[in-house]
Amino acid sequence: MNVIANVVPTLTDDRRAGLPSWTYFNQELLEVEKQELFRKCWQLACHVSDVPMPGDYQCFDIVGERAIIVRGKDDKVRAFHNVCRHRGSRVVAEQKGRCKSAIVCPFHGWSFNLDGTLRAVPQAKTFPKLDPVQHGLVPLEFEIWHGFVFVRFIKSDQPSVATLMAAQEGLIRHYRLEDVKPYTGVKCQDLPVNWKAVRDVDNEGYHVPVAHPALNDLYGSHYFDFAVRFGVSRSEGQFNEGQSRYWSVKNYKKVLPPMKHLPEELQKTWFYYGLFPNLVLMLYPDLIGFYQEYPVAIDKTVQRFAYYALDDDRREVRASRYLARRIDEITGAEDTQLIIWSWESMQSSGFKGMILSDLEAGVRNYHDALRQVLPVTSLDRQPSEGTVATLNASLRQATPNPWRTD
Ligand code: FES
Ligand SMILES: [Fe+2]
């Protein structure tokens, strides 16, 4: 069975430029991005195993929105706005935790059942009659795909995650994503850059041989990027044959045992799926993970990430997972520096734009996707103040719906 075959993209010479630099520091565009990309596209909030017991919750804050994912007494996982129906407080203060049998708002003590309905209100006689459903937590659109909980703050034309990923099911189903458990928990780090600078560095593997010596040692000879469909990309690195030079890589390849749940061709490959606009899902033989970034300000981005794993207490698997994380940490630190330099260049009078290699087609494809959803980013010159949102809306009306053109 060949689950890995696909088409390697190439670029024509008129498609080797990047986005104009104004798009990286325009405040009005940032607000449009928050609305059109981050609120209207599926966002991975957590895995169902992050909330294993009734009352367990995981929060997810992004671009001014707040989500709470909570498991009910009926064992169902649900998503709500983390916004109290009384005066809008967060209904839980922590990012993660367990409520006993109700969610109790820390402001005035309104309590909600684990299915979101309003349960009790202190001094209830001081209010008119309140309806448990109407005054319950506001439900959030969500989709559980292979155990991962995606939320969407505003409905849009973006198809379901299952539809977007359907063509990859043959590969993905082997990883038993429904059964994984938290390996690290969800973590966040701040980056002092525009969020698109993170994507630009992440969307190509041309820099791997020079910037990531350890990763290159792991799979540099067999690394490929693929465009799957609009909004979905896949990258894969099959391990290099022969001896590796780096301690972590050499030992990772040595200790990683055969994983029974995977066919032969997936035993020695790391896969990365990119889901527009800001998610990367990592499928390694021994570890599963995701990372996503979202803007806080023009020059401040949060990167959120987590690793998951199947139950496997073999010593060699514990060692391989440690080493895989170690390789990722080394790579992550190297990327952080490149991301900062990329962002700085956007503000430099000496930066004359990008010239992309065929090996950077992932950057161009991603920029093309941005141009389709945010056509105002096609303009070389910054629009005059106060016009970005309206200009984008009118250009969008003249642009085919990218989610429907596949
Ligand atoms: S804001 Fe939640 S109880 Fe008042
Ligand atoms: Fe990188």
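The values are calculated or read from the model by the stated rules, or taken from the named source; none is laboratory data. Please read all numbers here as calculations on a predicted model, not as lab measurements. Every residue, glycine as well, gets a Cβ built from its backbone with ideal geometry; the counts of neighbours run over all protein chains shown. Protein only, heavy atoms only, side chains kept; ligands, DNA and RNA dropped before computing areas. Shrake-Rupley method; radii C 1.70, N 1.55, O 1.52, S 1.80 Å.
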Student exercise: in the stretch 42-155, how many lysine pairs 8 or more apart or on different chains have Cα atoms under 26 Å apart?
9
Using the Karplus equation 6.51 cos²θ - 1.76 cosθ + 1.60 (θ = phi - 60°), what ³J(HN,Hα) coupling, rounded to whole Hz, does each residue of the stretch 59-74 give in order, writing x for Gly and Pro?
9, 8, 10, 7, 6, x, 9, 9, 10, 10, 9, 9, 8, x, 4, 7
Keeping all protein chains in the complex and leaving out DNA, RNA and ligands, what accessible area do you get for residue 188 with a 1.4 Å probe, in Å² to the nearest 10?
80 Å²
Assuming 0.36 nm per residue, please report the length gained on full extension of the stretch residue 265 to residue 247 beyond their Cα-Cα distance.
4.0 nm
Long-range amide H contacts for residue 145: which residues qualify at under 5 Å (H placed 1.01 Å from N, peptide plane, sequence gap of 5 or more or a different chain)?
150
Label-point separation in nm, residue 96 to residue 351, each point 7 Å along Cα→Cβ
3.4 nm
For residue 187, project a label point 7 Å along Cα to C-beta. Then give me every residue of the stretch 48-69 with its amide nitrogen under 20 Å of that point.
48-51, 58-61
Whose amide H sits under 5 Å from the amide H of residue 91, counting only residues 5 or more places off or on another chain, with H placed in the peptide plane?
83, 84
Within the stretch 142-247, report the trypsin sites (Lys or Arg not before Pro) that DSSP leaves as loop and that have at most 16 other Cβ atoms within 10 Å.
155, 176, 245
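Normalized C-alpha radius of gyration of the stretch 42-155, against 2.2 N^0.38 Å? Walk me through the intermediate numbers first.
Numbers: Rg = 13.5 Å, N = 114, 2.2 N^0.38 = 13.3 Å.
Cα-based Rg divided by the globular estimate yields 1.02.
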Alpha carbon centre of the stretch 217-280 versus the stretch 337-384: separation in Å?
27 Å
Mind checking which lysines have their C-alpha under 30 Å from residue 352, skipping anything on the same chain fewer than 8 residues away?
34, 196, 300
Take the alpha carbon atoms of the stretch 222-347, find their radius of gyration, then divide it by 2.2 N^0.38 Å using N residues; give the quotient.
1.17
Rounded to whole angstrom, the alpha-carbon centroid of the stretch 149-181 lies from that of the stretch 63-126 at a distance of 27 Å
Highest GNM mean-square fluctuation, the chain, Cα pairs closer than 10 Å: which of 232, 149, 133?
133
Within the chain, longest stretch free of exposed GluC sites (Glu not before Pro) [DSSP loop, at most 14 other beta carbons within 10 Å]
95-240
Mean residue ellipticity at 222 nm from the helices of the chain, using -39,500 (n - 2.57) per DSSP H segment of n ≥ 4 over the full residue count, to the nearest 500 deg cm²/dmol?
-7000 deg cm²/dmol
Can you pull out the trypsin sites (Lys or Arg not before Pro) in the stretch 16-83 that DSSP calls coil and that have at most 15 other Cβ atoms within 10 Å?
73, 76
Amide H contacts under 5 Å for residue 66, restricted to residues at least 5 apart in sequence or on another chain and with H modeled in the peptide plane, are 82
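In Å³ and rounded to a whole number, note down the convex hull volume per residue for the Cα atoms of the chain.
On the way: hull volume 63.5 nm³, N = 406.
Convex hull volume per residue, Cα atoms: 156 Å³.
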For the stretch 204-218, just list the computed ³J(HN,Hα) in residue order, Karplus coefficients 6.51, -1.76 and 1.60, θ = phi - 60°, integers in Hz, with x standing in for Gly and Pro.
8, x, 4, 7, 4, x, 8, 8, 10, x, 6, 5, 5, 5, 7
For an R0 of 41 angstrom, estimate the FRET efficiency from the Cβ-Cβ distance between residue 111 and residue 379 and round to the nearest 0.05.
0.20
Go through the stretch 272-289 residue by residue and turn each phi into a ³J(HN,Hα) via Karplus (6.51, -1.76, 1.60, θ = phi - 60°); whole Hz please, and just put x for glycine and proline.
10, 9, x, 10, 4, x, 8, 10, 10, 9, 9, 10, 10, x, 10, 9, 10, x
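Place a +1 charge on the Cβ of each Lys and Arg in the stretch 42-155 and a -1 charge on the Cβ of each Asp and Glu, then give the dipole magnitude about the Cα centre in debye, rounded to the nearest 20.
Details: 16 positive and 11 negative charges, 86 e Å.
So the dipole magnitude of the stretch 42-155 works out to roughly 420 debye.
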Need one number: nm distance between label points at residue 25 and residue 124, each 7 Å from Cα along Cα→Cβ, rounded to one decimal.
5.7 nm
How big is the stretch 337-382 along each principal axis, measuring the range of its Cα positions in Å and listing the largest first?
29, 27, 17
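Using the crude model of +1 on Lys and Arg Cβ and -1 on Asp and Glu Cβ, and no other charge, please compute the dipole size for the chain relative to its Cα centre, in debye to 20. Each step should come with its number before you reach the end.
Details: 49 positive and 49 negative charges, 285 e Å.
Value, rounded to 20: 1380 debye.
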